[in-house]
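Here, each number is a calculation from the coordinates, and none is a lab measurement. In this text, all values refer to a predicted model and were calculated from it rather than measured experimentally. Because the Cβ atoms are built from the backbone with ideal geometry, glycine has one as well, and the counts that use them run over all protein chains shown.
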Amino acid sequence: MLIIDSKYFEDSKIENGFYQCSINWNKGDVLFQLCDEGEYLRANISIGSDIIENESKWAKKLREVLLKDIHGKTWAETEGEVLTEEEFMKKVELCLIVIEDSTISFWYDDGELYCGHNIIVSSDPSGNEINAYMA
């Protein structure tokens, strides 16, 4: 087993092929998972460390893509009240960050805005190729 050389993930536990630990993100606890595939693990640790060290940069990018791709959309053609951007951001909550094959997925609880579906923001490690969708 590989020893994790990162202050952020040194206490992580391996479960179902992922190293996982809880981190504090924007004043809340978020589950963080790194895929345990030898060739990608070191890169995934580096990407994860970058996300944590640059939380404010990533939080800003995530907010922008959530507002651009998801905010104001209704689910299953139902008409509903459109929330302001601030109301929307207060409802959705980041609950999981997964790094697998050098791809980052940020999983959000939808706050019951979209019938309990997850909102996923997918990104490359640089944050340049980033989009949000519902699952």
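If you average the sequence gap of Cα pairs under 8 Å that are 6 or more apart and divide by the length of the chain, what percent do you get for the contact order? Write down the numbers at each step before the final one.
Values: 198 pairs, mean separation 25.8, N = 135.
Normalised by residue count, the contact order of the chain is 19 percent.
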### Task
Only helical DSSP H runs with n ≥ 4 go in: add -39500 (n - 2.57) per run for the chain, normalise by residue count and round the 222 nm mean residue ellipticity to 500 deg cm²/dmol.
-9000 deg cm²/dmol
### Message
Using only the alpha-carbon atoms, how far is helix 55-69 inclined from the longest principal axis of the chain? Give it as 0 to 90 degrees, nearest 10.
### Response
40
### Query
When the chain is treated as a GNM, springs tying every alpha-carbon pair under 10 Å, which of Cys21, Cys115, Cys35 comes out with the largest mean-square fluctuation?
Cys115
#### Entry: In Hz, Karplus ³J(HN,Hα) per residue of the stretch 124-135 (6.51, -1.76, 1.60; θ = phi - 60°; x = Gly, Pro)
7, x, 8, x, 7, 9, 9, 8, 10, 8, 9, 10
### Summary
If one compares the long axis through the Cα atoms of helix 38-53 with the longest principal axis of the Cα atoms of the chain, the angle in degrees, nearest 10, works out at 60
### Message
Looking at the chain, identify the longest residue range that excludes and avoids all GluC sites (Glu not before Pro) in DSSP loops having at most 13 other Cβ atoms within 10 Å.
### Response
38-76
### Query
For the stretch 110-120, what does the Karplus curve 6.51 cos²θ - 1.76 cosθ + 1.60, with θ = phi - 60°, yield as ³J(HN,Hα) per residue in whole Hz, taken in order and with x for Gly and Pro?
7, x, 6, 6, 10, 6, x, 6, 7, 10, 10
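Of Tyr8, Tyr133, Tyr19, how do they rank once you tally other Cβ atoms within 10 Å and put the fewest first? Please list the in-between numbers first.
Values: Tyr8 17, Tyr133 12, Tyr19 23.
Arranged by neighbour count, lowest to highest, Tyr8, Tyr133, Tyr19 become Tyr133, Tyr8, Tyr19.
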#### Entry: Positive-pole candidate from Asn24, Asn118, Ser56, dipole of the chain, charges at beta carbon
Ser56
### Query
Can you list the lysines whose alpha carbon sits under 22 Å from that of Lys57, skipping same-chain ones fewer than 8 residues off?
Lys7, Lys27, Lys68, Lys90, Lys91
